[in-house]
1. Any idea what the relative contact order of the chain is, in percent, if you count C-alpha pairs under 8 Å spaced at least 6 apart?
2. If each of VAL360 and ALA890 carries a label point 7 Å out from its Cα toward its Cβ, how far apart are those two points in nm?
3. Any chance you could check the Cα centroid distance between the stretch 349-383 and the stretch 165-214 for me, in angstrom?
4. Testing the spin-label approximation: label points 7 Å from Cα along Cα→Cβ at LEU830 and ARG761. State their distance in nm.
5. Quick one: P(r) of the chain from all Cα-Cα pairs, 20 Å bins, percents rounded to integers, in order of increasing distance.
6. Compute the angle between helix 100-119 and the longest alpha-carbon principal axis of the chain, please, reported from 0 to 90 degrees and rounded to the nearest 10.
7. With r as the distance between the Cβ atoms of LEU927 and ALA145 and R0 = 51 Å, compute the FRET efficiency 1/(1 + (r/R0)^6) and round to 0.05.
8. Kindly write out, for the stretch 297-303 in residue order, the coupling ³J(HN,Hα) from the Karplus curve 6.51 cos²θ - 1.76 cosθ + 1.60 (θ = phi - 60°), rounded to whole Hz, with x marking Gly and Pro.
Amino acid sequence: MLAILLALAAAALVAPLWVRALGRNAFYLLALVPLGGLGWVVANWGSTQQVRLEWAPSIEMNIDLRFDSLAAIMSALVLAIGALVLCYCARYFEDDEPRLGLFAAEMVGFAAAMFGLVTSDNMLLLFVFWEVTTVLSFLLVGHNAEQANSRRAAIQALLVTAAGGLAMLVGLIILGETNHSYLLSDLLAAAQPPSGLAVNVAVVLILIGALSKSAVVPLHFWLPGAMAAPTPVSAYLHAAAMVKAGVYLIARLAPVFAENPVWHPLVLTLGVASMLLAGLRALEVVDLKLVLAFGTVSQLGFLVVLVGIGTPDAALAGVAMIVAHALFKACLFMVVGIIDHGAGTRDLRRLSGLGRRAPVLCGIAILGALSMAGIPPLVGFVGKESALGAILDADTLNGPARVALAVGVVFGSMLTVGYSIRFVWGAFADKQGVARPTAHGAHRVRRVSDYAESPGPVVEFGDEHAPDDRSWHAPGTLFLAAPAVLAVASLAAGLAAPGTDRLLSPYAETFSEDLLAYLSLWHGFTVPLGLTVLIIAGGIALFQLRDRLRDPARPRLGNADRAYDATLRGMDRLSLRMTGAVQRGSLPLSQATILGTLIILPTVLLALGTRTGVQLRLWDSPLQAVIGAIMVAMALGATVLRNRLASVLVVGVTGYGCGVIFALHGAPDLALTQFLVETLTLVIFVLVLRAFPAEIEAGRATPFKSRRAVLAALVGAAVTVLGAFAVAARTAEPIWHRIPDAAYQFGGGKNAVNVLLVDVRAWDTLGEISVLVVAATGVASLVFRSRRFGSAPRAADSPNYDPDLVSWLPAGRLVDRADRSMVMQITTRLVFPTIMVLSVYFFFSGHNAPGGGFAGGLTAGLALTLRYLAGGRYELGEALPVDAGHLLGAGLALAAGTAVGSLFFGVPPLSSAIFEVTLPLLGHIKLVTALFFDLGVYLIVVGLVLDVLRSLGARLDSELATSETTSATGGSAQ
């Protein structure tokens, strides 16, 4: 399982490269990955397998994967249909499709996330994969990002499913804490299902997440809007994968919670409502893709009902219909994509005679529609007849509820038959007054609105290719292959119903071993068979009444999409009113509120709380007190000095004083890092202050300034007192004396600080360096506004460059004579190599001595700063002619790669390995793999410093030089 998951993730990473090299044919190569995973699923069908790796045990979130009967069914659908959809993409898209490589990566990544979701045994891990599918769905639906409707649909789907996911997360946490385990297998194996008010609340919250993901009324409206996505997305996400996630979760929890008092009222009521409302809507819309979209909502409601009833018979019917729906709906979505490619429209009022022009495509569509309608001998009939029998025999429902449910399902199934016939008729039948398509060659691209209610002007929208005339572009054999395979599979699964039963019945037996139902094409003359005949007759009648159903004068139900818009507008108005009430736009007022809370709340708690044995501890030694007094004096000096540079320098003294205190406490690593950071901070301040006047304008004293001074003094005093008490308030036994030995045993290093950063608490460090990358990008965005500046300019880029001139630094001659310092350049030439060697030494020695990737990177950054100060912006480009963004990206990729690399060896992420070897001359060498993680930190720090120097130094130099040149030119002209 883990190998399949990692293989899919790896394929997603390399997909853009493959698409760039092979074009659209790369999809065939990508399809081999899920196809290989499908082979493993088939080979292990019927077995139960588990994988457990520690990830974050402190919060009960580990990599717990479990392969059982339900996981096998869902995995087979995810991987098999995923492979077919990827093959379909190879003919659906052209080689020049924008962002095709990114699309391929997102599709394969979605397959990985869905496979992880259906095999997760840990509820928190399941939620992680759940949210990954949400994000990737957002990206896939919004593939045509230049179109407003695509962006709206993507955002709508993201908001609805993410909100439901957050509710589900709360429910999963409540359930996990109540059950004292976050493993689904433990929950299912419990002798007594958990109960109580907390469990009821958890069940409701989990169902909200599941129903929102599966587009069940009233949270269904995002799915029709998501038809703005390219057809392969609809064929995969909205037929076989994403929308099945909620159904899967309900099916997974049904054995435990089917008898919970809140389960049936929610699941069955909303499921039947979805069948009816969406089925009616599918009989009204004129876009073929929307017919399938509302049909999907209707069918998802049916699936939710079946898997939610909670009996073995209903469970068997439920998984049979899950398989049937995935096969016929993916097939029909692909058919719609082919029609739109070839005919240029999805509007069933503008299509006529296509059955004559494309008989093979018509045959494929008829097979898919027959299965959707539940007509024998397709698998849809097998599943639906079994479903009717299961509902009639459901002993978990009382008599009236069972009858009401049966009536709702029967009428919903009539609607299904009606819109199935309407789909085939609308796509392929001859219609009076509509021109038949004629064969043609090349076609041009046009977009057709999914929401066009009249055959008039065509709106620019959608994902399909279309010609301007009524011609037909015949699909190739490879284009037809994927839907044909699905259509034939629907037929084969129905004809081989006993074999299908053997594959699916193990899940139903998890409810009870006394499974009486079985899948078959013929059960005899039974009530379900009679209901099937009634359903088919009723569906034909509804199709005949289709025009009356679309009567504009008929009162209509509310529009959920408009309700969504109204909800967003209401939330915007509410937030504006609340913000206007509590946020007046006054920064001083906001700061005063925050700082006042900081003063009052902790101080009151300290005064009123018990302080037994806690004493005020101001310092540990007289030297510490002296340094603290100097730091206080410098901080006060910064508030009264008028010279900006002087203020920065005295603030820097407070930072160096903090480093000295670290050193006095026996923390040389922290002291070294503090000194390096403070030095770089001073340089950055100096670079920024060049654009400001040297002196701070003196203002007159006002009561407002006096109040600010009093507030600042109170904050300082409060923090000092609280800190002094906190130091002496330790109640637990200190563990500092055990850390060095533990660090050496755990991480193989004698520098406990470095081992903690890159090994023990490496997850924290990974998050922190990610923040550094974001900060560097933010600085560049603020300075450059429209685009990054790239690497710093080289000496050859200067108009004054003369390659024959020799200087101490490569770009030293390009500095103005007034600003050039030969002493500085010579000194830089001499010490730069030494500082870089020291940087490398800090990097390699950090695991056992003061240093590490952070300190080494800061040292290298200081060396680059020295080169820049001595030789200007061109010298910075000569010192390191690399784009800072490349360093930042490489560092983050290396750190993240190191984090996941250990998974390939069957150990938790960020686990370290230690290698020891004795080499000639070099002697005994000890290598810890955490060094590669530290190298990522090193590259990120160097990239950050280079980005800051490039942004606030080189770029600002260039703008100042341009400004001076412009001023001089203007002065000369005058």
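1. 8
2. My value for the distance between the label points is 5.1 nm.
3. Answer, in whole Å: 41.
4. Here the modelled spin labels are 4.2 nm apart.
5. Calculated P(r), rounded to whole percents: 11, 34, 31, 20, 4, 0.
6. Orientation of helix 100-119: about 80 degrees from the principal axis.
7. That pair, ALA145 with LEU927, gives E of 0.65.
8. 4, 4, 5, 5, x, 4, 5
Any read-out appearing in this document is the output of simple, stated calculations on the displayed coordinates, not a laboratory observation. Here the structure is a predicted model, which means the values were calculated and not measured. Every residue, glycine as well, gets a Cβ built from its backbone with ideal geometry; the counts of neighbours run over all protein chains shown.
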